[in-house]
Structure formats: structure tokens, C-alpha cells
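Notes follow the structure.
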Amino acid sequence: MLIGQLCLEFKRAITTKNILTWLFIVFLLPLIAFYPIRQGYMFFSPVEVFQEILGGIIPLIFPVLAIIIYLPNFWIEQKNNFITYTRPRIPLGSYILSKGIVNAVFTGLIIFLMLLFSYVFVEFIEPNFLHFVQYYTPSKYNHSSKVTFSQFLRYGDLTYFLAYSLWVTLNAIVYTTISFMLMLIIRRTFIALSVPFLFYHIFNFIVGVFGVARFSPLSTVFPFNIQQQSLWTVMVPFTFLLLILLIIYFVVIRNKEEWMI
Amino acid sequence: MPRIKFYIARYLEELIRFKWIAIGVSIYFYARMLKKQIVEGSFQEHMSINVWDISLNIQNDSYIILYFVIPIILLISTTSILEDFNYQTLIRLGTIKKWILRSLFKFWKKSSILILIWVFMSLYMTIKLPVSWNWSPFSKSNGVYNDLFEISAVFDSPLWAFVLEIALLILTFSILHIALSLIYATTKKKSLLLVFCVAFFIWSIAGFKLLPNKFSFFAPTTYFSITQYFHAFDSPIMGVGILLGAITFCYIYLLLIDRNIKQHILSTRPYLPFLLYLFLCVIGIISTSFSLTSHKNTILDTWVISFRGVSSNFFTYSSFFYYMIVFFGLIYLFSMEMNKEIDRMGYYKIIRFRNLEKWFWSWFKKILIKTMLVLILLTTLSFIIGAIMGMKCNFYVTDFESSVLLIFYQFFINGFLQVVLYILLIFIFSWTRRESVQVLVLISSFMILMLPGVNPLGIIPVGLNSLIYTENFSPFHITLILLIANLIMYFTIKYIFTKNLKI
């Protein structure tokens, strides 16, 4: 029953409006981020262009990206009391579970595709067809600065890309799932949707105030504004997030009768 | 008189019970070992010892405290709480406060025996040692076997250390018991009490073994032994302060426990987001004032540097994040309010007004007043925090080129216009699109427009109320831009209102 529902949800998620939003996120966003850095920067390798693309505007809108990919669909169903009428057809638990899975899968997929497109763009499309970026050869005084996760670079660009983009995808999934579960227990959807957004920005501010910016969500998910940190630092805010996720999960499971549907 | 005799008899009866004797015997064996160690140590260093060396060492030994006294005290405390907390007793006493005081009394009846046995054993071990009222040469030496070096420098006579050790124990035990009984009385959950006890025990071990000396005020064992207490604090006043703080906290809680504070807490709930917002603002101002130097900067500097914001030429992450927290936080709060007005109250309120514009103004004017009040509040707060941090109370700005009046103009007039513009934009989006996510998308796009290099001419009306703009732009130029933008938005709203409404 769950499998069938999942297939149905996948089919239902593919609407014109969603496709357009997703295409915008996957293709246009990296290009918009690429536009201001196409000239006037000193790059030594395509990976740096990739990092610079992700270091610009995407970190600021990351929590919003995580919630606009699929959650508005669920919100509309909630608002129009659609879910109540699915209950004769399918148990509520399976329905919500399938929604949660579809939400996580699509959010993760779109964020991953966005990173993949950026990577493919800087590695293959830009140097072969467009030639905007000038690459310099590293010298003694000018060499690329290291950032967190570039520990993986010695295993090759592709390994670095895979490791890093999986990390970003994972974060996006956690953010969107927190929002999704909050939508089930908080009556005001606006607040439920904005929790990841608020968490992300307030946490950034607070760690900045206490002078430990290396633990900020911004610098751990998109670690291009600070120098290289060891890999364990990224786990600090992530562990915190997982803890929140776990707590919300237990609250959601315990209040099954009071779900907002 | 017979009453007192009866109590004493009961107390003595309790004293000779098997469990206490067992505890006494176990302390005896450990104390003998400790005594042997100290005597050997004194022989090795060729220094004489007296009764106080043995007795104070036994009383201050961390292992006895950690693995023996703390578990027993926790056991006594929890059993007395769990035995005594029943509705018959509560009805007889009337209030929970009285019950806690009574339970403290009962707790002391038992735990005083523990202290008594402990002290007795520590004195019993001193048999055959020279009696003296001064510190021995061994305890004044800085040797490996001697733990008393630090307190022997503080006190003239070891008797004082002995008395203070007992006073410290009484204080700490009382606080511990009151805290445990408060936890049980508020939650009424057995499991939580037990979890707390286990956590306290583990925390004591971890605090004793792992914490460096700088943070040893976190470790509970510090408050059980006078030697560790003086070892942990440079000035003993601080430790007294922590203990007094704990007592005051317990006392206030004790006063409040019978009141129905849940109602009061629930009544503050609507203000919670605003309080959180204000708290974040205050943190930001405080962190700014830490970065200033008090003899050079004025209170106006605290304000100016806090709300400096970012422009196309000037960008730091800290001021960017602070601008986001202050202004976007404010419009987030307002958008929550607007969300209420449009989505939840809209149905009921709009039909009561003759046209949409009257409905719009009915709540919009409140937002305008609130915006101004928040701006004034932020200024006052930063002045107060600046004054507390010891900045000079002069009326000039040291870090900025532009004049004070222009900065005031920029902050209040342009700040007001800018916030109003944000609110109008958010209103247009949430009115036409009916999706609350749009607000977050809009705020995110504001953030992007504030990044360096995006707005070099200062034409895009986002983030123009940053005080840094007074360096390169005339505030009147900014006012003009913001006014035009506001008017456009206002007429857009008027136009939207003429279209059919879809609620």
C-alpha cells in the first residue's frame, strides 16, 4: 500500500508549476550565481569556480530552497482539508509517511541536481564552450586557499564533489523534514515553515556573536567564507539539528491524534 | 521536657541501627588505609604530623566524598522524598512549601547521622597522635602526600577549617535536598527524580576527573570539601556567591511553587517572539560594545557601530547578520501579525469595514506606530548598554565622518521608511499570492540584494537605512528613493484593492 501510494505521490508531485520552480533552482540559480564571478577573479582550477558559485547567494537562500521545493504542495492539501478525504482510501499514517518520504526525496534530489549542474557547468560546459573564466597557474605567492571538505580533493575532483554535495543534500533533507513534521503539529503553517529559516539565520548570528563562526550553519554547509577547518566542526550544528529532528519526531509520534490535517 | 527526651531517644535509636554501623565500619577501613598513607608520607619527608592532618584529610578525601557520601546522600534524599510525598501529608500541611521544609527537616534527621559518623571516624583515627591546636609542619609543606597546603595558608587554626568544612557540608546538602524535592514536587515523576540523581552522580565523577581547574566551579565535588573549594576559587567570595545564588534561586522557587504561575507564563506567550527578538538585539549590541574601547568611544558609537549595516562598498558578516536580525526579524514579526490579519481574521473583519482601504489602515497604522517605537527602543537600549559598558556619555561620534544629526535622520526617518517599504512589499505578496512561503522567499531576496556589489548606486531600495550609507550618500537622496518606492507600493496596493478579492 505504501509503495503504491509512493508511486502516486511521485506522479502527483510532477506538475507544471513544480517543474518550473525546480528548473529555476537547478539551472538558473547556479547561472545567476556564476554571472558576477565570471570575470575579475583569480581562479586556478574549475573546482574553485564551483566553490565560488556556491559561496555567493546560495548560502543565504538555502533554508528557503529546502522548504519551497515540495512543502507548498503539502500545505495546499492541508489548507483545503484534502487529507481528511484520503482516509477512507489509505491509513493516515501511511499517507503522511509517503508524503514525508516524497518530500525528502524531491528536496534532496533537486538540491543535488543543482550542485551537479554547477559542477558539470564549471568542469565541462564553461571551459569547452563559453570560456568566460581565465585560469591562472598557481605560483609560490598565488595559490588556492583551502576550505573545509577540500580534504577530499586529493582523491580527485569527482570524489570531492560527491562527498560535498551529499553533505549539502543531507542538510537540506534534515531542514525540510523538520519543517514537514512541524507542519503536522503546529496550527500556524507559516511558523512551521519558517522554523528552518529562523534556525539557520539566528544560529549564524549567535555563533558570530560568541566568536565561534566555524560552527555556524552557513560556514559548515557552505564553508567558503572561512579558512579550512577540520571535518569534525561541521558535525556540531548538524548534531544539534539531528537532535531537534529527533525530539520533534517523538512529539509528532506521540500526538498522532492531534495532527493538523 | 519529656518531648525532647523522646526525640533524643528516637535519634539515638536510629543511630545504632545496622546500616549506620555498616557505613561507619566501611569508613573505618578506608580511613585506616588513608592514615597509613599519610603517616608513611610524613616519615618520608621527616616532618611531624598532628591530629588535624588525619582528621581533615579523612573529611576532605575526594574518593570518600565521591563514591561514598554523594550516593548515600542522594539515597537518603530520594527515599525521604518518595516516602513523605503523599496526599494525606500534603492536606495536613496545606502548602507544598511547608512540605518541602518538613522534608528538609526529616532529611537532616538522617543525614546528620552520616556527618556525625564521618566526623567521629575522622576523630577516632587520630588516637595516639599528638594533640595540637596549630597546623603541623607536614601540613604546611608543599608535598605530594599533603592536600592541606592551600587551606593551611588561609586559616590560622585548623579548627576553623574543621568548622567551615561542616558548615559547607550542611549548606550543600540542604541545597541538594531542596533542589531534589522541588523537582519532585513540580513534576511528580519518580523516574525524573531518579534520572536526575544518576545524572548528578555521573556529573560529579566527570567533573572531578575531567574538568580542568579553571572550570572546577562546575563540579559538584568542589562544594563538598573545603580543600577543593579553596583549590577551585581564587577568591572564596565567588564560591560563596554561587552558593548564595543557588539558595536564592531555591528560595524564590519555593515562594512561587504554591502560586499558579502557569497562568502567568501562558499570558506572556503572545509576547514571546518579540521578547526573543529583543533578546537577540541586545546580544548584538553587547557584542558590539565589547569590540569598542571604553575610554575612547562614546555611547553614540555603540549605537552607530551596532546599526552600521552594510553597503555596496562596506561589508562585514557580523554587521550583515545583525542588520538581518534587527530589521528582517522585525518584518518577520510584522508579517506574522499580517498573516493573522489577512488569513485568520480577514474573513470576519473585512465585512465590517466599508472598503478594503479602511480595513488596511485599521491595522496598518498600528504597525507604523510600532515601527517607530521599536526604533526608539533600539536606540535607547544601545545607549543604556553603552553606558553600562563604560563608554563616555558624550554627544559625538568618533568613528564616522558624518554629523550626528544626519545619522539620527538616517536612522529614524530613513529607517522608518525602509521598514514600511518592506512591510508594504510583504503585504502585496501575501495578499496576491496567499502563500506564506512567499514572505520567506521575499526576505531571502532582500538579503541577496544587500550583498556587496549588487547595489553600488544605492537605487534598489533595500538595506538603504544602514548607517554606513551616510558616508557616501546624502540621506535626503535616500529619503527620496524610499519615498518614491513607498508611494509606488502604496498605489499598487490601492490598485490591487480595486480588483476582485479572492479569499
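The values are calculated or read from the model by the stated rules, or taken from the named source; none is laboratory data. All values derive from a computational prediction rather than experimental measurement. Cβ coordinates were reconstructed from backbone atoms using ideal geometry, including for glycine residues, and neighbour counts include every protein chain displayed. Heads up: the accessible areas ignore ligands, DNA and RNA and are worked out on the full protein's heavy atoms, side chains in. Shrake-Rupley method; radii C 1.70, N 1.55, O 1.52, S 1.80 Å.
Checking the conditions here, which among A:Val195, A:Val133, A:Val212 is touching a Leu at 6+ places or on another chain (Cβ under 9 Å), more than 10 Å from chain B (Cβ to nearest Cβ) and of a type in the set (A, V, I, L, M, F, W, C)?
On the way: A:Val133 fails: touching a Leu at 6+ places or on another chain (Cβ under 9 Å); A:Val212 fails: touching a Leu at 6+ places or on another chain (Cβ under 9 Å).
Result: A:Val195 is the single residue among A:Val195, A:Val133, A:Val212 that is touching a Leu at 6+ places or on another chain (Cβ under 9 Å), more than 10 Å from chain B (Cβ to nearest Cβ) and of a type in the set (A, V, I, L, M, F, W, C).
Within region B:207-217, which residues are in a helix (DSSP H, G or I) and surrounded by fewer than 13 Cβ atoms within 10 Å (Cβ to Cβ)? Step through it out loud before you land on a result.
Just the residues of region B:207-217 that are in a helix (DSSP H, G or I), to begin with: B:207-209, B:213-217.
Correct list: B:Lys209, B:Asn213, B:Lys214, B:Phe215.
Output the residues belonging to region B:405-430 that are open to solvent by less than 30 Å² (accessible area, probe 1.4 Å) and closer than 27 Å to B:Gly346 by Cβ. Please lay out each step first, then the result.
Just the residues of region B:405-430 that are open to solvent by less than 30 Å² (accessible area, probe 1.4 Å), to begin with: B:407, B:410-411, B:414-415, B:417-424, B:426-428, B:430.
Matches in region B:405-430: B:Leu417, B:Gln418, B:Val419, B:Val420, B:Leu421, B:Tyr422, B:Ile423, B:Leu424, B:Ile426, B:Phe427, B:Ile428, B:Ser430.
Condition check: within 16 Å of B:Phe320 (Cβ to Cβ), surrounded by 21 or more Cβ atoms within 10 Å (Cβ to Cβ) and either aliphatic (A, V, I, L, M) or out of contact with any strand residue (DSSP E or B) (no Cβ under 9 Å at 6 or more places or on another chain) (or both). Does A:Leu218 satisfy that? Break it down into steps so the answer makes sense when it comes.
On the way: within 16 Å of B:Phe320 (Cβ to Cβ): yes; surrounded by 21 or more Cβ atoms within 10 Å (Cβ to Cβ): yes; either aliphatic (A, V, I, L, M) or out of contact with any strand residue (DSSP E or B) (no Cβ under 9 Å at 6 or more places or on another chain) (or both): yes.
Against the criterion (within 16 Å of B:Phe320 (Cβ to Cβ), surrounded by 21 or more Cβ atoms within 10 Å (Cβ to Cβ) and either aliphatic (A, V, I, L, M) or out of contact with any strand residue (DSSP E or B) (no Cβ under 9 Å at 6 or more places or on another chain) (or both)), A:Leu218 qualifies.
For region B:446-503, what are the residues that are under 30 Å from B:Arg344 (Cα atoms), without any contact (Cβ under 8 Å) to a residue 12 or more places away in the chain and part of a loop (DSSP other than H, G, I, E, B)?
First pass over region B:446-503, keeping only residues under 30 Å from B:Arg344 (Cα atoms): B:446-447, B:462, B:485-503.
From what is left, the residues that are without any contact (Cβ under 8 Å) to a residue 12 or more places away in the chain are B:487-488, B:491, B:495, B:498-500.
Within region B:446-503, B:Lys499, B:Asn500 qualify.
If you go through region A:132-141 one residue at a time, do you hit one that is touching a residue at least 12 places away in the same chain (Cβ under 8 Å) and in a helix (DSSP H, G or I)?
No - not one qualifying residue is present in region A:132-141.
How many residues, within region A:179-203, are aliphatic (A, V, I, L, M), open to solvent by less than 10 Å² (accessible area, probe 1.4 Å) and in contact with a Phe, Trp or Tyr (Cβ under 8 Å, 6 or more places away or on another chain)? Full working, then the answer.
Here is the first cut: in region A:179-203, the residues aliphatic (A, V, I, L, M) are A:181-186, A:191-193, A:195, A:198, A:202.
From what is left, the residues that are open to solvent by less than 10 Å² (accessible area, probe 1.4 Å) are A:183-184, A:192-193.
Going one step further and asking which of them are in contact with a Phe, Trp or Tyr (Cβ under 8 Å, 6 or more places away or on another chain), we end up with A:183-184, A:193.
Total satisfying the criteria: 3.
Every residue in region A:228-252 that is aromatic (Phe, Trp, Tyr) and open to solvent by 20 Å² or more (accessible area, probe 1.4 Å), please.
So in region A:228-252, the residues aromatic (Phe, Trp, Tyr) come out as A:232, A:238, A:240, A:249-250.
Answer for region A:228-252, where residues must be aromatic (Phe, Trp, Tyr) and open to solvent by 20 Å² or more (accessible area, probe 1.4 Å): A:Trp232, A:Phe240, A:Tyr249, A:Phe250.
Can you tell me how many residues in region A:153-189 are within 14 Å of chain B (Cβ to nearest Cβ) and in contact with an Asp or Glu (Cβ under 8 Å, 6 or more places away or on another chain)? Even if it seems obvious, please write down each step before you answer.
Keep residues of region A:153-189 that are within 14 Å of chain B (Cβ to nearest Cβ), which gives A:175-176, A:179-180, A:182-183, A:186-189.
Add one more test, that the residue is in contact with an Asp or Glu (Cβ under 8 Å, 6 or more places away or on another chain), and what stays is none.
Summing the residues that are within 14 Å of chain B (Cβ to nearest Cβ) and in contact with an Asp or Glu (Cβ under 8 Å, 6 or more places away or on another chain) in region A:153-189 gives 0.
Got a sec? Which of A:Asn225, A:Asn255 is under 30 Å from B:Ser289 (Cβ atoms), surrounded by fewer than 19 Cβ atoms within 10 Å (Cβ to Cβ) and in contact (Cβ under 8 Å) with a residue 60 or more places away in the chain?
On the way: A:Asn255 fails: under 30 Å from B:Ser289 (Cβ atoms).
After applying the criteria, what remains is A:Asn225.
Of everything in region B:279-304 that's more than 14 Å from every other protein chain (Cβ to nearest Cβ) and either over 20 Å from B:Phe408 (Cα atoms) or under 25 Å from the mean Cα position of the chain (by Cα) (or both), which residue is least open to solvent (accessible area, probe 1.4 Å)? So that I can check it myself, show each step before the final result.
Initial filter on region B:279-304 (more than 14 Å from every other protein chain (Cβ to nearest Cβ)): B:292-304.
Those left that are additionally either over 20 Å from B:Phe408 (Cα atoms) or under 25 Å from the mean Cα position of the chain (by Cα) (or both): B:292-296, B:302.
On the way: B:Leu292: 23, B:Thr293: 62, B:Ser294: 51, B:His295: 141, B:Lys296: 124, B:Thr302: 0 Å².
Within region B:279-304, the match that is least open to solvent (accessible area, probe 1.4 Å) is B:Thr302.
Failed condition for B:Leu90, given (1) surrounded by 15 or more Cβ atoms within 10 Å (Cβ to Cβ); (2) in contact (Cβ under 8 Å) with a residue 40 or more places away in the chain, with all others met?
B:Leu90 satisfies all of (1) surrounded by 15 or more Cβ atoms within 10 Å (Cβ to Cβ); (2) in contact (Cβ under 8 Å) with a residue 40 or more places away in the chain except (2).
Taking the condition of being more than 14 Å from chain A (Cβ to nearest Cβ), open to solvent by 60 Å² or more (accessible area, probe 1.4 Å) and aliphatic (A, V, I, L, M), how many residues in region B:324-371 meet it?
Residues flagged as more than 14 Å from chain A (Cβ to nearest Cβ), open to solvent by 60 Å² or more (accessible area, probe 1.4 Å) and aliphatic (A, V, I, L, M) within region B:324-371 amount to 2.
Residue-by-condition table, conditions (1) touching a residue at least 24 places away in the same chain (Cβ under 8 Å); (2) in contact with an Asp or Glu (Cβ under 6 Å, 6 or more places away or on another chain); (3) closer than 25 Å to A:Phe205 by Cα; (4) not hydroxyl-bearing (Ser, Thr, Tyr):
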{"position": "B:Phe320", "(1), (2), (3), (4)": "yes, no, yes, yes"}
{"position": "B:Leu330", "(1), (2), (3), (4)": "yes, no, yes, yes"}
{"position": "B:Asn339", "(1), (2), (3), (4)": "yes, no, no, yes"}
{"position": "B:Ile342", "(1), (2), (3), (4)": "yes, no, no, yes"}
{"position": "B:Lys365", "(1), (2), (3), (4)": "no, no, no, yes"}
{"position": "B:Asn394", "(1), (2), (3), (4)": "yes, no, no, yes"}
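For A:Ile83, state whether it is surrounded by fewer than 19 Cβ atoms within 10 Å (Cβ to Cβ) and in contact with a helix residue (DSSP H, G or I) (Cβ under 7 Å, 6 or more places away or on another chain).
Numbers: surrounded by fewer than 19 Cβ atoms within 10 Å (Cβ to Cβ): yes; in contact with a helix residue (DSSP H, G or I) (Cβ under 7 Å, 6 or more places away or on another chain): yes.
So A:Ile83 fits the description; yes.
Report, by residue number, each residue of region A:27-52 that is β-branched (Val, Ile, Thr) and more than 14 Å from chain B (Cβ to nearest Cβ).
So in region A:27-52, the residues β-branched (Val, Ile, Thr) come out as A:32, A:37, A:47, A:49.
Result: A:Val47, A:Val49.
Quick check: is even one residue across region B:337-346 among the small types (Gly, Ala, Ser) and either at pLDDT 85 or above or touching a strand residue (DSSP E or B) at 6+ places or on another chain (Cβ under 7 Å) (or both)? Even if it seems obvious, please write down each step before you answer.
Here is the first cut: in region B:337-346, the residues among the small types (Gly, Ala, Ser) are B:346.
This time we only want the ones that are either at pLDDT 85 or above or touching a strand residue (DSSP E or B) at 6+ places or on another chain (Cβ under 7 Å) (or both), so: none.
No, every residue in region B:337-346 fails to be among the small types (Gly, Ala, Ser) and either at pLDDT 85 or above or touching a strand residue (DSSP E or B) at 6+ places or on another chain (Cβ under 7 Å) (or both).
Mind listing just one residue for me: the one in region A:148-179 that is out of contact with any Gly (no Cβ under 9 Å at 6 or more places or on another chain) and among the β-branched types (Val, Ile, Thr) and, of those, nearest to A:Met114 (Cα to Cα)?
It comes out as A:Val168.
Return the pairs, sorted by first residue and then second, in which the second residue is assigned to a helix (DSSP H, G or I) and of a type in the set (Ser, Thr, Tyr), the first residue lies in region B:179-196 and is farther than 15 Å from B:Lys97 by Cα and open to solvent by less than 30 Å² (accessible area, probe 1.4 Å), the beta carbons are less than 7 Å apart, and the residues are 6+ apart or on different chains.
Here the result reads B:Leu193/B:Thr78; B:Leu193/B:Tyr184, each pair linking region B:179-196 to a residue that is assigned to a helix (DSSP H, G or I) and of a type in the set (Ser, Thr, Tyr).
B:Phe334 versus (1) part of a helix (DSSP H, G or I); (2) more than 19 Å from B:Leu276 (Cβ to Cβ): which is the lone unmet condition?
Every condition holds for B:Phe334 apart from (2).
Filter region B:431-479 down to the residues that are surrounded by 15 or more Cβ atoms within 10 Å (Cβ to Cβ), more than 14 Å from every other protein chain (Cβ to nearest Cβ), over 17 Å from B:Ile325 (Cβ atoms) and not polar (S, T, N, Q) and list them by number.
Across region B:431-479, the qualifying residues are B:Trp431, B:Gly458, B:Ile460, B:Pro461, B:Leu464, B:Tyr469, B:Phe473, B:Pro475, B:Ile478.
Looking for whichever is among the basic types (Lys, Arg) and closer than 27 Å to B:Ser157 by Cβ here; the options are B:Lys128, B:Lys97, B:Lys110. Which one fits?
B:Lys128
Kindly state which helices (runs of 4 or more DSSP H) lie completely within region B:93-169 and contain at least 2 residues that are open to solvent by 80 Å² or more (accessible area, probe 1.4 Å). So that I can check it myself, show each step before the final result.
Details: elements: B:96-124, B:137-140, B:149-154.
Helices (runs of 4 or more DSSP H) meeting the threshold: B:96-124.
Among the residues of region B:380-421, how many are more than 14 Å from B:Ser466 (Cα to Cα) and in a helix (DSSP H, G or I)? Walk me through it before giving the result.
First, the residues of region B:380-421 that are more than 14 Å from B:Ser466 (Cα to Cα): B:380-399, B:401, B:403-405, B:420-421.
Then keep just the ones that are in a helix (DSSP H, G or I); that gives B:380-388, B:404-405, B:420-421.
Residues meeting the conditions: 13.
Would it be correct to say that A:Thr233 is within 29 Å of B:Ser436 (Cα to Cα), touching a residue at least 60 places away in the same chain (Cβ under 8 Å) and either basic (Lys, Arg) or more than 14 Å from chain B (Cβ to nearest Cβ) (or both)? Spell out how you get there, then give the answer.
Numbers: within 29 Å of B:Ser436 (Cα to Cα): no; touching a residue at least 60 places away in the same chain (Cβ under 8 Å): yes; either basic (Lys, Arg) or more than 14 Å from chain B (Cβ to nearest Cβ) (or both): yes.
No; evaluated as a whole, the condition is false for this residue.
In region A:86-113, which residue that is among the small types (Gly, Ala, Ser) and more than 19 Å from A:Lys256 (Cβ to Cβ) is least open to solvent (accessible area, probe 1.4 Å)? So that I can check it myself, show each step before the final result.
To start, the set of residues in region A:86-113 that are among the small types (Gly, Ala, Ser) comprises A:93-94, A:98, A:100, A:104, A:108.
Right, trim to more than 19 Å from A:Lys256 (Cβ to Cβ) and you get A:104, A:108.
Working: A:Ala104: 20, A:Gly108: 5 Å².
Selected residue: A:Gly108.
Let me spell it out: the conditions are (1) exposed (fewer than 15 other Cβ atoms within 10 Å of the Cβ); (2) more than 14 Å from chain A (Cβ to nearest Cβ); (3) not in a loop (DSSP other than H, G, I, E, B), and B:Thr222 meets all of them except one. Which number is the exception?
Just one mismatch for B:Thr222, condition (1).
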